[in-house]
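A quick write-up on the structure given underneath.
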Amino acid sequence: MAGVRVEQRERTRRALVAQARALFATRGYGDVGLAEIVAAAGVTKGALYHQFDGKTALFRAVLADVAAEVADAVVAAAEAQGDDPWAQLTAGSRAFLEASTDPAVARIALVDGPAVLGWTEWRAVDEATSGRHLVEALETLVARGVLAPRPVAPLAHLLGGAMNEAALWLAVTDEPDALERVWGELLAMMEALR
């Protein structure tokens, strides 16, 4: 019987996160109420509060899912490059930009994330996912002599910030070839580090 309850709780949690994600992605955190989320998920407010402390905690779970998916795309692109750390860095960086061109990803991860959770908590989520992979890639490049010895943490913050800003712009622009233009500039910045 306990196993059935655990499964039901997990199903309820997944439904809440999925419905909240869809609503937050299309309308933004501020324009979505809890009543709408629970109705879309087909559960009660009590069920929501059994899973989450409130709307912010639910958003945190949505953001964690989005950030993990983007990080998975970055890792997959990097791993497809074999053992070449420079190719891994560039492929992973491009995968991040491509994933972020999805307006839903940009809205949740880059616009609402810092606004809802605050800069410090949002940075912690970013650093635990895509940011962690960027640091690891840069450390490998320094260790293998592809990059000159340098402090990796500030460089990772600078590159991560550039990519986040580029992703925000890509999510809202309708300029033709925007991704290719942004990628060209980012790649030129990265090449200057070698």
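Some points to look at:
- Packing order of peptides 88-101, 19-32, highest average first: 88-101, 19-32 (average count of other Cβ atoms within 10 Å over each peptide's residues).
- Rg then Dmax, both in Å and based on the Cα atoms of the chain: 18.9, 61.
- Accessible carbon and sulfur surface of the chain relative to its total accessible area, %, 1.4 Å: 56
- Computed over the chain, relative contact order equals 20 percent, with contacts defined as Cα pairs under 8 Å that lie 6+ residues apart.
- Evaluated over the Cα positions of the stretch 101-164, the convex hull gives a direction-averaged projected area, one quarter of its surface, of 4.6 nm².
- Sequence ranges 53-64, 127-138, 4-15, ranked by mean other-Cβ count within 10 angstrom, highest first: 127-138, 53-64, 4-15
- In the stretch 137-194, the ratio of gyration radius to Kirkwood radius, Rg to Rh, stands at 1.06 when only Cα atoms are counted.
- Solvent exposure of the chain as accessible area per residue, Å², 1.4 Å probe: 51
- Shown in residue order for the stretch 91-101 are the 3J(HN,Hα) couplings computed by the Karplus curve 6.51 cos²θ - 1.76 cosθ + 1.60 at θ = phi - 60°: 5, x, 5, 5, 4, 4, 4, 4, 4, 6, 6 Hz (x for Gly and Pro).
- Electrostatic tally near Val38: other residues with Cβ closer than 12 Å to its Cβ, Lys and Arg +1, Asp and Glu -1, net +1.
The values are calculated or read from the model by the stated rules, or taken from the named source; none is laboratory data. Everything numeric here is computed off the predicted structure, so don't read it as measured data. Note that each Cβ is placed from the backbone with ideal geometry, even for glycine, and that neighbours are counted across all protein chains shown. Ligands, DNA and RNA are excluded from the accessible area calculation, which covers all protein heavy atoms including side chains. Shrake-Rupley method; radii C 1.70, N 1.55, O 1.52, S 1.80 Å.
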